[in-house]
């Protein structure tokens with residue numbers, strides 16, 4: 001008699017009826033959260049599908065073929081020291097950075113998901129890292145482009161939560177339109193620092209702050225429309241609208257930090273659809289520039305006090321056409 005038969009006999013002897021259905025080949029084994037890597041041993045890891053729950057990528061592991069988040073309940077906490085190769089499939093899940101994430105050439109974020117960057121950076125080493133993605137940042141973050149291109153034609157970068165800032169640094173941003181860079185909270189911001197932006201269509205600032213640092217160039221034949229949020233030009237920053245572009249104001253505010261904050265119109269347009277007062281910074285015009293206040297609205301330079309004067313400068317090729325009620329309230 002086998003051990004199994006002895007157990008069954010003992011159960012029958014106790015008067016208990018038992019039906020055992022065992023199909024070992026199809027048995028479902030619970031999937032537990034994974035920890036990939038080691039804090040002491042260097043390892044190379046192929047593609048990983050992380051299950052629902054909190055997973056970790058730690059230490060001296062080298063992710064060679066990217067990874068996949070199984071679903072919206074999946075969390076991957078990134079603490080690895082080495083760069084990652086391959087695609088990152090988000091599937092609605094969350095990545096938490098406890099270390100900078102460096103992307104090797106060819107690495108891509110794909111799909112919809114969230115990133116809690118904890119103030120860390122995502123560092124790019126080629127173009128197209130956000131080519132087909134919809135990513136919401138839930139904490140402070142920096143995307144360091146190192147001179148590369150981010151194409152937002154089929155992508156979106158958003159900020160959620162209060163008092164959060166996502167900085168896009170040293171990037172060329174193409175395909176931007178609508179709310180491709182979006183702030184969902186009035187107290188949060190998207191910051192462009194030393195970037196070039198090619199507008200594919202009209203782009204709107206509707207909530208929170210859109211901040212310019214360093215030198216930021218807008219190119220294309222479309223407009224950046226401030227319609228409820230804050231368009232801020234920081235100290236020692238130059239926001240340059242190139243030929244064919246337009247900065248339109250329809251609500252919210254356009255703010256200059258101080259006299260070193262420059263709005264440059266180079267064969268571009270400035271349109272005030274609502275009453276607008278520009279103070280403290282510098283408005284620099286060159287080429288064929290159009291400045292317009294819509295019917296019944298007023299565009300005002302300065303506010304009648306010396307410390308809020310707007311410096312108005314014209315380059316050697318400036319041909320400025322002004323229409324509507326544009327008032328110079330600067331004082332000597």
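Only the coordinates and a few stated rules stand behind these numbers; no lab work does. The model shown is predicted, which means the values in this text are computed figures rather than measured ones. Don't worry about glycine lacking a Cβ; one is built from the backbone with ideal geometry, like all the others, and counts go over all protein chains shown.
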Express in whole angstrom the spacing between the alpha-carbon centres of the stretch 63-79 and the stretch 87-119. 8
Give me the distance in nm between label points sitting 7 Å out from Cα along the Cα-to-Cβ direction at residue 221 and residue 170, one decimal. 3.4
How far, in degrees from 0 to 90, does helix 3-13 lean away from the longest principal axis of the Cα atoms of the chain, to the nearest 10? 80
Can you put 41, 212 in order, fewest other beta carbons within 10 Å first? 41, 212
Order the peptides 303-310, 168-175 from the highest to the lowest mean number of other Cβ atoms within 10 Å of their residues. 168-175, 303-310
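Stretched out fully, how many nm does the piece from residue 132 to residue 163 gain, at 0.36 nm a residue minus the Cα gap?
Gain on stretching residue 132 to residue 163: 8.5 nm.
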Taking R0 as 30 Å and r as the Cβ-Cβ distance between residue 179 and residue 306, the FRET efficiency 1/(1 + (r/R0)^6), rounded to the nearest 0.05, comes to 0.20
Percent of beta bridges antiparallel (DSSP, the chain, rounded to nearest 5): 0
Gaussian network model of the chain, Cα within-10 Å springs - most flexible of 76, 289, 49: 49
A chain fully extended from residue 85 to residue 38 at 0.36 nm per residue, minus the present Cα-Cα distance, gains in nm 15.1 nm
(i) 27, 60, 13, 0; (ii) 28, 41, 20, 7, 4, 0; (iii) 26, 53, 20, 2: which one is P(r) over Cα pairs in 20 Å bins from 0, in percent as calculated from this entry? (ii)
Fewest first, what order do 273, 211 take by the number of other Cβ atoms within 10 Å? 273, 211
Per DSSP H run of at least 4 residues, take -39500 (n - 2.57); add these up for the chain, divide by its residues and hand me the 222 nm value, nearest 500 deg cm²/dmol. -1000 deg cm²/dmol
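Using 1/(1 + (r/R0)^6) with R0 = 51 angstrom and r between the beta carbons of residue 47 and residue 327, what's the FRET efficiency to the nearest 0.05?
Step by step, r from the Cβ atoms, then E = 0.25.
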Would you mind calculating the gained length between residue 313 and residue 243 on full extension (0.36 nm times residue separation, minus the Cα-Cα distance), in nm to one decimal? 23.4 nm
